[in-house]
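Working notes, beginning with the structure itself.
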Amino acid sequence: MKKHVTKVLTLMLVMLLSYPIAVFAEAGDQDEVTVDALGDASEEVDVSGEEQAVDGTGEYPPADPADEQVETDTVTDGDENTVTPDMDGTGTVEDPIALQLNTQTAVNFADATEKYFIFTIPEKGYAEVYCGLSSSRYDQYVSISIYRDSPTVGNKIFEEEKIQKTPYLIGRIGLNSGTTETRETYIIKLSSNSIKTSGSLKINFKADKYYEEEMDDQLNPKPVTEWNEYYYGEVEANIDDNDYFYFNVNKISRVIITGHADDSSSPIFIKLYGSDSPFSGNPIYEYNSAKNDAPFNKILDPGKYYISAVKTTVSWAKSSHRGYRFSVNLKELIDLEKEADKVTLKSVTYNGKEQGPVVLFDGKVLAENVDYTWSKTDTDKNYIDAGTYNVRLTGMGDYTGSVDKQYEITPKAITPDVTLAKDTFTYDGKTPRLSATVKDKDDNKKLKEGVDYTISYPSGSENAGQHTVTVEMKGNYSGSGQAQYTIKPKSIKNAKVVLKKSSLGYNGKNQTPAVEKISGLTLKEDTDFTVSVQDSNGKDVKSYKSVGKYTLVIKGKGNYTESTKALYEIVKGTNPLKVTAKGSTFSVRYSKLKKKNQTLKNSKIFNFEKNGKGKITYSLTSADKDKKSFKKYFSVSNKGKLTVKKGLKKGSYTVKIKVKAKGNKNYKSSTKTVKFAVKVK
């Protein structure tokens, strides 16, 4: 017992001083090694120089430059990491040789055809087993068996028989370290059919918590606790036919299981079972490495689930072993109904087609028909036009449950392409009714006036000139566009003119007649036209106040263009004469009248409010009393002096005198009658 403890302590010290070496070859041998455990059985790998990587996926480990080949009985230094079998122990079952991990050990069967080795691992992990002959032989071979604790049949965890090749990776085994105080111990039995045989052995240990550790096919599955991490191991015919794992689903979740086998020539099943039938009955999922089946991707209810890696029914050679790996990706499903406050809908832009919302969960955009589906809840709406809509979202993929939400289809913002059917018009006093073709530039779709857009006109759009109309989008579109049209002035060339008066009386000022109609239209001077005057000879004149004939030249302005003419004349004006009596009664003393004629001066009788034009003359029209004429007793001079003749009796006489202004070249003559009373007293 003391000796065994010493071996264990020595082995632990050796392991602390050792370092990983990926590939080894028999000491002194330069031949290539053949790999048949994880890859093609015929693939040759040279371990003498080039590094080969092995990471649990079936690749080869990097070559250890210290794996120099030496003669069987030679002990190399520490750098070369090759030791002789006499390091510690005799190699018998009672006294096994303490095997140094990660180091190539030379084996010689000259003294016995069976050799035993012992090693202890420091922690959980797996061992890569390298074994082979010094050189390939048809008449010699070596066999290897590995046991847990003691070399008994029930403890056997690995076996490979009749190895006739130079050293190669013959397999991997998962190892359990037990507790810190009680390290797990393993025994290796190496046997040969000849005492002439020599070879080498190497246990390349790697710590790995994800490697399957039960090797006795007891139902003691390894827990899978890390998602998206590869768990792996190796199954061996007749020894370790099944590996077991399990994982827990706490909430309804999407579970993706991806499996791989290192070699399809000896297929492996990776199977998934439910908690109601662990490792029995029909599996929920089965991966056949020979068929390269698709990964498992389904929703699982809460519960415990089991995974097994199983040797297939295909006949394997005795002790054949194949590596595998798998990963479990578990993602708890999100219940949209319970997490409704985290579901938001972004508006979408009108595109002429039925469309649902952009759905976000907690700020993340979800994919339609991957994470959710949507259905209409507004039966009277088309879910095409701009507006507000209600929908029901139903989770799928990594989401479950349903929630009702509202979203908006917003008008599409465009700058429309606007083309006018006609863009030039002649003034007629009205705003032209434009016929426009308005299109969405993106898809060249023709839009409808009143439905998709309206046309607004600027102030004064009916007048001559260039105008810009605005096309305002509406309904399913937003934005605006513009178009221009031109109104040309209306021609009045040689148009018929109607004057308010064709004859104007002289007033001493320049005069033109008012224009009532031009070509039947009532136009406004200085807005629609201007006037100028020509004399009877067609010459432009600036003075047109005198009596005579003139031509009125009417020139279009603003909404009118070109010119027309009309004749008019200035005739003699009305004489401005306005005269009245300065009083209603003028008195004459009878005492004086008996003696001689009496006179009344012009200035005493007449009041000229306006002087007449031309020579002023006076004439007595009548002198009456009680409807009886006494005209013979009165006379008036050319200068307007009134004479009352001697002999007129007392009384009141009504006198009427005509005052005449003869007029001149610019004024007509005018006569006014002045009436007053002459009282003789």
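Here are the numbers for the structure shown:
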item: Carbon plus sulfur fraction of accessible area for the range 435-582, probe 1.4 Å, in percent; result: 43 percent
item: Probe 1.4 Å, accessible area per residue of the range 97-205, Å²; result: 33 Å²
item: Subset of Lys162/Lys202; Lys165/Lys271; Lys445/Lys474; Lys604/Lys668; Lys627/Lys658; Lys206/Lys271 violating a 24 Å alpha-carbon distance limit; result: Lys165/Lys271; Lys604/Lys668; Lys206/Lys271
item: Solvent-accessible area per residue for the range 475-590 (1.4 angstrom probe, square angstrom); result: 57 Å²
item: Cα gyration tensor category, rounded, prolate or oblate, for the range 92-191 with a/c compared to 1.5; result: prolate
item: By accessible area with a 1.4 Å probe, ligands and nucleic acids excluded, highest first: order of Met473, Met396; result: Met396, Met473
item: By average C-beta atoms within 10 angstrom, highest first, the peptides 609-620, 135-146; result: 135-146, 609-620
item: Sparse-neighbour loop sites [chymotrypsin sites (Phe, Trp or Tyr not before Pro); the range 520-613; at most 14 other C-beta within 10 Å; DSSP]; result: none
item: Chymotrypsin sites (Phe, Trp or Tyr not before Pro) restricted to DSSP loop in the range 400-435 with at most 12 other C-beta within 10 Å; result: none
item: Environment charge at Ile284 (Cβ cut-off 12 Å; Lys +1, Arg +1, Asp -1, Glu -1); result: -1
item: Ordering of 516-524, 333-341 by packing [mean C-beta count within 10 Å, highest first]; result: 333-341, 516-524
item: Per residue solvent-accessible surface (Å²) - the range 254-308, probe of 1.4 Å; result: 46 Å²
item: Rounded percent of accessible protein surface that carbon and sulfur make up, the range 239-392, 1.4 Å probe; result: 43 percent
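The values are calculated or read from the model by the stated rules, or taken from the named source; none is laboratory data. Nothing here was measured: the structure is a model prediction, and the numbers come from that model. Virtual Cβ from ideal backbone geometry, glycine too; neighbours counted across all protein chains shown. Protein only, heavy atoms only, side chains kept; ligands, DNA and RNA dropped before computing areas. Shrake-Rupley method; radii C 1.70, N 1.55, O 1.52, S 1.80 Å.
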